[in-house]
Structures are given as structure tokens and as C-alpha cells.
1. As a test of the formula, what do you get for the chain when each DSSP H run with n ≥ 4 contributes -39,500 (n - 2.57) and the sum is divided by the residue count, at 222 nm and rounded to the nearest 500 deg cm²/dmol?
2. Please identify every one of the trypsin sites (Lys or Arg not before Pro) in the range 1-93 that sits in a loop by DSSP and has no more than 14 other beta carbons within 10 Å of its own beta carbon.
3. With the other protein chains left in place, how much accessible area per residue, in square angstrom, belongs to the range 1-104 at a 1.4 angstrom probe?
4. Grab the other residues whose beta carbon is less than 13 angstrom from that of Arg60, score K and R as +1, D and E as -1, and report the net.
5. Along the positive direction of the dipole of the range 51-103 (beta-carbon charges: Lys, Arg +1; Asp, Glu -1; about the Cα centre), which of Thr72, Thr53, Leu99 reaches farthest?
6. Give me the percent of accessible area attributable to carbon and sulfur for the chain, probe 1.4 angstrom.
7. I'd like the orientation of helix 120-138 relative to the chain: the angle between its Cα long axis and the longest Cα principal axis, in ° from 0 to 90, rounded to 10.
8. Find out how many positive minus negative residues lie around Cys3, taking Lys and Arg as positive, Asp and Glu as negative, among other residues whose Cβ is under 14 Å from that of Cys3.
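The values are calculated or read from the model by the stated rules, or taken from the named source; none is laboratory data. From a predicted model like this one, the values you see are computed outputs, not experimental measurements. Counting neighbours? That spans all protein chains shown, and the Cβs are built from the backbone with ideal geometry, glycine included. Accessible surface is based on the protein model in full, side chains and every heavy atom, while ligands, DNA and RNA are left aside. Shrake-Rupley method; radii C 1.70, N 1.55, O 1.52, S 1.80 Å.
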Amino acid sequence: MHCVEAEALIKARGSTVWDIITDARNYAVWASGITHVTGEPRNGGTIRIRTRTGGSRVVRLRVQQMPGEVMTWTGGLPLGLFTGLCTFTLDPEGGMTRLRVNVEFTGLLRGVLWNAVADTQQALIDYVNAVKKRAEILG
């Protein structure tokens, strides 16, 4: 398994952070690194995203949620050859919110495809920093 993670302590309520990370229509507005989203990130739903680092490639992801606490996006190749699991976790911490985003890559092709997703670490850092900035502006 290959794994990358980023986190930020955000001076905002968890509900504010949750609203930001589940508002698909505005992802491209606040420099999340996601340039296009089709669908809404709702429990049991499916979204399709394009990212700045992925070019024109569209990734289909299944969404699971425990609203206000945890959201996962799962996608990959058939037969479990390559799977990416992105987990967003919100934890209250002293009147603020800690956002953790963790991406795990598994499957037989993870080593071969690792180079293609190696820039994921910086993309996650940029994402959590963008969420932090937006949440602290919105209050």
C-alpha cells in the first residue's frame, strides 16, 4: 500500500469546513486543485472529477459519508488492479477543526502507477491549505 496525507488546523467550525468540502459546484472557485466536478458528493453517490495534475482525464469516484465527520471517495481500475481511497476526516479541536485528508493506493498495479500519482502529496497539501483559507475567510 502507498499512502499520502495532509492536514490543517482550521479556525472555523466543523460545519463550515464540511460545507466547503461537500460543495462540488464551487471546488474550481477556491483553488482546490479540482478543476471540474460532475455530480454531488453525497452518501452513496458518484462524482466525476478532473484535477489540475490529471489534465483532461476524468476520474469516477464513489462517495460515502458520515455527515460532518468523515467522507470517502473511492475509485480505480477493474478487478482491484488499482484502487485509490481518499478519506476526509474532520475533528473538533479547541474551538477549531482539524481536517485530515489521506489517500491510500492499493492493488497489483500500485507500484507501476505510483509515479503517475506521486504528485498527490503536494496536491493534498495545496487542497487542505485552500480549504483552510476559504473556511477562515467564511468564518
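1. Estimated from H runs of four or more residues: -8000 deg cm²/dmol.
2. Hits after loop and neighbour filter: Lys11, Arg52, Arg57.
3. That works out to 53 Å² per residue.
4. Computed value for this residue: +4.
5. Of Thr72, Thr53, Leu99, it is Thr53.
6. The value for the chain is 54 percent carbon and sulfur by accessible area.
7. 20 degrees
8. -1
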